[in-house]
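Colleague: First the structure, then my questions, so here it is.
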Amino acid sequence: MNIWVAIEKKNDGALTRPSAVAAGIAKRLVAAAGGELKVLKVPSSALFSSLVQMDSFFATPPGYLILPHDSFGSQMGSRIAARFNGAFVPDFTTVEAKGDSLVFTHPVYGGRLVAEMTSSASFTVATARTSSFMDDLYTGDIAALGAVAELPEPASTWGTVVDEQKASGAVALTEAEVIVSGGRGLGGPEKFSIIEELAGAFGNASATGASRAAVDAGWVPHAKQVGQTGKVVSPRLYVACGISGAPQHLAGMATSRTILAINKDPNAPIFKVADIGIVGDLFEVVPKLAEQIRKMRNG
């Protein structure tokens, strides 16, 4: 089984974290199914000119091309599939090799069902929801994975594409390993500081989120919203603080590996999906939890 992985190389030469996860997924699949792995490195500055440059690389397309489902992969994946007459499987959350095929899964209908997908096409492009595959994060030398092909920098006369600069310590919501979210139970925007405090205790791989009720109230920007009409996330740990558990919110976080819910209402629907539930006042529980997390991380 021939599997390629396309990864984004930032302008400083480093790989993005989602790309490193995609590389790890491809490595695992090749190890399980046999075949060869090829790495296609795409410079950040070449994203929008790379399709034409790819013609030479895809004279004979591989069976599968794996990309991360970040801004890079979601923009490039469908375009590559269309240009080279392939199938496209977006945002898969699990994948395994069965015989000569890869079998992908993806939550549908707000997470109430899981679709299992295979492709009969000779060439299939698939993007991975990398927050579901943190165990596959590849930290080794990319050259050790297999043959590496790198697209050249584009000859642009109109400008230079630079990397987006994030706030210090910030991580994208869909890429975070730990997400701490606040809901209506916080009572106002000024109380979200305790959500940020708890997220900070977990370190740089954490992010803060919010329920639709908190966003609609204007307490936090829409970019923080987790749910069917916001971001769909699958972190290692999802901490829901003062969130009752409306269906549209559950659709956005139900695939999290571990769910911790903190709510003073013992009958809140969030407890039905939570792995760990704490019935109590979040303004008492969250600061104590943050303190304990910091103690554990500091030894």
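Colleague: Roughly how tilted is helix 17-33, in degrees to the nearest 10 and between 0 and 90, from the longest Cα axis of the chain?
Modeller: 60 degrees
Colleague: Between beta-carbons, use under 10 Å as the cut-off and find the net charge around residue 28, counting Lys and Arg +1, Asp and Glu -1.
Modeller: On the way: positive: 27; negative: 96, 135, 136.
Neighbour charge sum, excluding residue 28 itself: -2.
Colleague: Roughly to the nearest percent, how much of the accessible area of the chain is carbon and sulfur, given a 1.4 Å probe?
Modeller: It is 51 percent, rounded to a whole number.
Colleague: Another one. Pairing the Cα long axis of helix 71-83 with the longest principal axis of the chain, what angle in degrees results, from 0 to 90 and rounded to the nearest 10?
Modeller: For 71-83 against the chain, the angle is about 40 degrees.
Colleague: Per residue, how much accessible surface does the chain expose to a 1.4 Å probe? Answer in Å², no decimals.
Modeller: Spelled out: the 1.4 Å probe surface of the chain, per residue, equals 47 Å².
Colleague: Further question: Restricting to Cα pairs below 8 Å that are 6+ residues apart, what does the relative contact order work out to for the chain? Please round to a whole percent.
Modeller: 15 percent
Colleague: Just add up the charged neighbours of residue 85: K/R +1, D/E -1, any other residue whose Cβ is under 14 Å from the Cβ of residue 85.
Modeller: +1
Colleague: Turning to a different aspect of this structure: Once every DSSP H run of n ≥ 4 in the chain is given -39500 (n - 2.57) and the sum is divided by its residues, what mean residue ellipticity at 222 nm do you get, rounded to the nearest 500 deg cm²/dmol?
Modeller: -7000 deg cm²/dmol
Colleague: Starting at the first residue of the stretch 119-135, write each ³J(HN,Hα) from the Karplus equation 6.51 cos²θ - 1.76 cosθ + 1.60 with θ = phi - 60°, in whole Hz, x for Gly and Pro.
Modeller: 10, 9, 6, 6, 9, 10, 9, 9, 10, 9, 6, 5, 5, 8, 10, 4, 5
Colleague: Another question, if that's okay. State the Cα centre-to-centre distance between the stretch 181-198 and the stretch 221-271 in whole Å.
Modeller: With the stretch 181-198 and the stretch 221-271 each reduced to a Cα centre, they are spaced 14 Å.
Colleague: Using 0.36 nm times the number of residues separating residue 103 and residue 71, minus their current alpha carbon distance, what extension gain do you get? Display every interim value, and only then the final one.
Modeller: On the way: separation 32, 0.36 × 32 = 11.52 nm, distance 2.35 nm.
Additional length available on full extension: 9.2 nm.
Colleague: Where Rh denotes the Kirkwood radius from the mean inverse Cα pair distance, what is Rg over Rh for the chain? Write down the numbers at each step before the final one.
Modeller: Values: Rg = 20.6 Å, Rh = 20.4 Å.
Result for the chain is an Rg/Rh of 1.01.
Colleague: Within the set of other residues whose C-beta is less than 15 Å from the C-beta of residue 122, count the net charge using Lys and Arg as +1 and Asp and Glu as -1.
Modeller: Once all neighbours under 15 Å are counted, the net charge is 0.
Colleague: Let me ask something else. Using only the heavy atoms of the protein chains and a 1.4 Å probe, how would 178, 114 rank by accessible area, largest first?
Modeller: Ranking 178, 114 by accessible area, largest first, yields 114, 178.
Colleague: Starting from the amide H of residue 16, placed 1.01 Å from N in the peptide plane, find each other amide H under 5 Å away whose residue is 5 or more places distant or on another chain.
Modeller: 8, 10
Colleague: Of the listed pairs 27/98; 224/288; 191/288; 10/224; 98/231; 41/224, which have alpha-carbon separations greater than 19 Å here?
Modeller: Distance filter (> 19 Å) returns 224/288; 10/224; 98/231; 41/224.
Colleague: If you take every DSSP beta bridge fully contained in the stretch 55-132, what fraction is antiparallel? Give it as a percent rounded to 5.
Modeller: 55 percent
Colleague: Report, to two decimal places, the Cα Rg of the stretch 215-291 normalised by 2.2 N^0.38 Å (N = number of residues). Write out the running numbers ahead of the final one.
Modeller: Numbers: Rg = 12.2 Å, N = 77, 2.2 N^0.38 = 11.5 Å.
Taking the Cα Rg and dividing by 2.2 N^0.38 Å, one obtains 1.06.
Colleague: Once you sort the root eigenvalues of the Cα gyration tensor of the stretch 79-122 as a ≥ b ≥ c, which label holds: rounded (a/c under 1.5), prolate (a/b larger than b/c) or oblate (the other case)?
Modeller: Verdict is oblate for the stretch 79-122.
Colleague: Accessible area of residue 100, 1.4 Å probe, to the nearest 10 Å²?
Modeller: 140 Å²
Colleague: How large is ³J(HN,Hα) for each residue in the stretch 282-299, as worked out from phi by the Karplus curve 6.51 cos²θ - 1.76 cosθ + 1.60 (θ = phi - 60°), to whole Hz, x for Gly and Pro?
Modeller: 4, 6, 9, 6, 4, x, 5, 5, 4, 4, 5, 4, 4, 5, 5, 6, 8, x
Colleague: Considering only protein heavy atoms, what is the solvent-accessible area of residue 175 at a probe of 1.4 Å, reported in Å² to the nearest 10?
Modeller: Rounded to the nearest 10, the figure is 30 Å².
Colleague: Which percent, nearest 5, of DSSP beta bridges in the chain are antiparallel?
Modeller: Given both bridge residues lie in the chain, the antiparallel proportion sits at roughly 20 percent.
Colleague: Given H placed 1.01 Å from N in the peptide plane, which residues other than close sequence neighbours of residue 125 have an amide H under 5 Å from its amide H?
Modeller: 65, 87, 88, 89
Colleague: I'd like the FRET efficiency for residue 204 and residue 298, computed as 1/(1 + (r/R0)^6) with the beta carbon distance as r and R0 of 22 Å, rounded to 0.05.
Modeller: Numbers: r = 15 Å, r/R0 = 0.67.
Taking R0 as 22 Å, the efficiency between residue 204 and residue 298 is 0.90.
Colleague: Something else: Give me a comma-separated list of calculated 3J(HN,Hα) values for the stretch 179-195, in order, Karplus coefficients 6.51, -1.76, 1.60 applied at θ = phi - 60°, integers in Hz, x for any Gly or Pro.
Modeller: Result, ordered by residue: 10, 10, 10, x, x, 4, x, 6, x, x, x, 5, 7, 5, 4, 6, 5 Hz.
Colleague: Would you look at the GNM of the chain, springs on alpha carbons closer than 10 Å, and say which of 97, 261, 20 moves the most?
Modeller: Result: 97 has the largest fluctuation of those listed.
The values are calculated or read from the model by the stated rules, or taken from the named source; none is laboratory data. All values derive from a computational prediction rather than experimental measurement. Cβ atoms come from the backbone with ideal geometry, glycine included; neighbour counts cover every protein chain shown. Protein only, heavy atoms only, side chains kept; ligands, DNA and RNA dropped before computing areas. Shrake-Rupley method; radii C 1.70, N 1.55, O 1.52, S 1.80 Å.
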